[in-house]
Each structure stands twice: as structure tokens, then as C-alpha cells.
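None of the figures in this text is laboratory data; all of them are computed from the coordinates on show. The shown structure was predicted, so the numbers you read here are calculated from the model rather than taken from an experiment. Positions of Cβ are generated from backbone atoms using ideal geometry, with glycine treated the same way; all protein chains shown enter the neighbour counts.
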Amino acid sequence: MQTLNELPQVRGTLTPDRPLADLTWMRVGGPADVLFQPADLDDLSAFLAALDPAVSVFPMGVGSNLIVRDGGIPGVVIRLGRGFNGIDIADGQVTAGAAALDAHVARKAAEAGLDLTFLRTIPGTIGGAVRMNAGCYGAYMADVLAAVTYVQRDGTVVTVAPDALNLSYRNSVLPDGAVIVSARMAPPKGDADALAARMAEQLQKRDDTQPTKDRTAGSTFRNPAGLSSTGRADDVHDLKAWKVIDNADMRGATIGGAVMNTKHSNFLTNAGGATAADLEDLGEAVRKKVYATQGIDLQWEIMRVGRRTGEDTAK
Ligand SMILES: Cc1cc2nc3c(=O)[nH]c(=O)nc-3n(C[C@H](O)[C@H](O)[C@H](O)COP(=O)(O)OP(=O)(O)OC[C@H]3O[C@@H](n4cnc5c(N)ncnc54)[C@H](O)[C@@H]3O)c2cc1C
């Protein structure tokens, strides 16, 4: 890894050994070798063009779908800020910077009579929403995306149609090290007051059913929809992750400061003082018990990134 002095000059901020825990919802994890907060698109693109191609790059949003492991993230972590959070609405389309918060984008769109209400209760950024094909209440980013602009690892800026990203359930495919900088969305139209009312209703529904004030990263595992516990074609059904966790008697299970939330058992929670290892180990213990009791192989929805403490830190 290049030392700070050897890294390309920037107008934004480069911080070595920057702890990442306070930049994530779970509040766990070690430092980034270097955290880069670019001033604007030119700064980001010039930095990536000049950065040693061997150095890995990890873009993060507001860390609402992440467990950063205790040994931190090798290479450069890129976090977009003020230069990337604009929201422009014109001709029935919404163009938002990757650092714009989903909730903010949903509110502005609703005021303009455009329906991005599904984004109102998702606590991430537009960059994270594109990468994760975020969605809820039956709507996903894939339904509204018109174009995505990202900076490739070599610094070149490209704009692609959503088809190029292979958006699927909670996933998309981006080239390694690519950093999304903005997205253009073409939402359905709606009445501004009705959209505002719907968002208020959805917020209330969340608060009633999910631990929205706790340190979580949202749903821990994907719903194992379409899976069968017997393997028989006539035994395929839609299963909810929380239900199979309950069936395995893992609601409320703990390791260290990590707990499977008692309000919603698919929410892995830092109840105070958890390490990333506590959280990941508890998640793995749940997967093991669910498999042992029901033959279902739960898949993580939360992304776990970086190195566990004690792993080789060379990069
Ligand atoms: C209480 C709670 C409720 C939630 N409910 C939902 C829900 O209903 N639906 C849903 O879909 N999700 C939900 N989530 C999960 C999470 O909010 C989403 O996945 C969100 O889209 C993540 O955005 P983020 O900015 O926090 O990304 P991060 O968590 O920081 O990163 C997630 C992934 O996106 C990538 N990424 C982030 N920004 C960029 C960028 N600019 N360029 C390239 N890659 C990038 C990261 O590399 C990482 O791979 C919930 C989370 C919480 C805490």
C-alpha cells in the first residue's frame, strides 16, 4: 500500500487508519487503511486514475447494510459527501447524487408529485440503493432506474442503462472498485398529499414491526423464498427468514453484545459492546441451527467486509 505521502494529491480528505465503526449503523469494526472523502467528481476521478492499480478500493454509503470486521478494511475506503448529494428534478425524472439519503430523495420527489415513496423508510444512500437494488413494499430501485453514472477503478466516468447492472434481489453487478456517483430515476406520478400520507403510514408500520431505533443493518438474511426443506418440487413455498429463525428457537439468541432482536428476529443487533466477530458469529450460529433443524441454507443479506482481527493485514 502506498504511504499517505505517495498517494495522489487530492482536494478532498485522505485519512490514514480512520476508524469506521462510527460511520456504520452497527457501530462496529476496525479502521480503513485510508479513508478518502473526495471533494467532487473530478477529484474522485483524478485520484482513481493516479492510484496504484494494485490498491483495493471499497466504496461505502452510510453503512446501513454493512458489518465492517474488527480488523478493518484494507486499501482505500471511499465515502462520498457534500459534493455528491444534489437532487435535481426535471421533466418527471429525479437525478440524485450517490451520497443523497434515500429518505431525502423520496421526500423531494413526493413534493414534485413523483412516487419514490418506497425509499422513504430505507436508511441508506442512493449509491447503496443502486448497489443493493434496495426496495420495500413491493417496489425496487430496478423499477425506477433510468441511468447510473459511476467512476471506474481507472478513473474513467461512464453512464450506463440499468440493464448493464444486472439488478436482481438485493444485488447488482458493478465492476470491481467502481464508485457510483449518481442515478437518474423515472418514477410513476402521484398526488403530492397522497404520497406524503403513504410515507407517514409506512414509517409508522416500520416503527410498529421493526427495531428501527436499534443498532442493526436491516434484514440479516434474505427470505428463503422458493426453497424447499425436502427438495420435492411440490414442497416449494415462500418462507420468511424471521419465521425459520423462530422455528430454530434463535429469537433472542446472543453472543457477547450481539443479539437476534426480540422485536423482529431477522434483525441482528448490537445491543451494546458487540464486536463485529460477535455479530458475524451469531449470524453463522443462526445459519447452522436453521440448517440443522430445517435443512434451509440461509443467505446473508448484510454485507460483511474487511478482515477479522489477527488476519494477515498485508495488502
Ligand atoms: C433499520 C434498517 C432498515 C432497512 N430496511 C431496508 C429495506 O426495507 N429494504 C432494503 O433494500 N434495505 C434495507 N436496509 C438495508 C440498507 O439500508 C440498504 O441496503 C441500503 O441500500 C444500503 O445503503 P448504504 O448507503 O447504507 O450502503 P452501505 O451499507 O454503506 O453499503 C452497502 C453496499 O453498497 C455499496 N455502495 C454504497 N455506496 C456505493 C457507491 N457510491 N458506489 C458503489 N457502491 C456503493 C457498498 O460497497 C456495499 O457493497 C435497512 C437497513 C436498516 C438499518
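Quick notes
- Taking the DSSP beta bridges with both ends in the chain, the antiparallel portion is around 75 percent.
- Amide H contacts of Val181 (H built 1.01 Å from N, in plane; Pro and chain starts excluded): Thr149, Tyr150, Val151 sit under 5 Å, all sequence-distant by 5 or more or on other chains.
- Other residues with beta-carbon under 12 Å from the beta-carbon of Val244 carry, at +1 per Lys or Arg and -1 per Asp or Glu, a net charge of +2.
- The stretch 15-53-the stretch 93-154 distance, computed between alpha-carbon centres (Å): 22
- Amide hydrogen proximity for Thr125: with H placed 1.01 Å from N in the peptide plane, the residues at 5 or more positions away or on another chain lying under 5 Å are Val62, Asp102.
- For the stretch 121-138, Karplus couplings with θ = phi - 60° (6.51, -1.76, 1.60), whole Hz, Gly/Pro x: 9, 9, x, x, 9, 5, x, x, 5, 5, 4, 9, 6, 4, x, 6, 6, x
- ³J(HN,Hα), Karplus 6.51/-1.76/1.60, whole Hz, each residue of the stretch 285-298, x for Gly, Pro: 5, 5, 4, 5, 5, 5, 5, 5, 8, 10, x, 10, 9, 4
- Estimated from helical segments only, the mean residue ellipticity of the chain at 222 nm is -7000 deg cm²/dmol, where each DSSP H run of four or more residues counts as -39500 (n - 2.57).
- Most mobile of Leu23, Leu80, Leu203 in a GNM of the chain (Cα contacts under 10 Å): Leu203
- One chain, two ends: Asp40 and Asp281. Fully extended at 0.36 nm per residue, the span grows by 82.9 nm beyond their Cα-Cα distance.
- Förster radius 30 Å - calculated FRET efficiency between Ala164 and Arg11, Cβ distance, rounded to 0.05: 0.50
- Projecting the alpha carbon convex hull of the chain along each direction and taking the average yields 16.9 nm².
- Zero-based 10 Å bins, Cα pair distances in the stretch 8-100, whole percents: 16, 44, 30, 8, 1
- The count of lysine pairs in the chain that are at least 8 places apart or cross chains, and whose C-alpha atoms lie under 30 Å apart, stands at 22.
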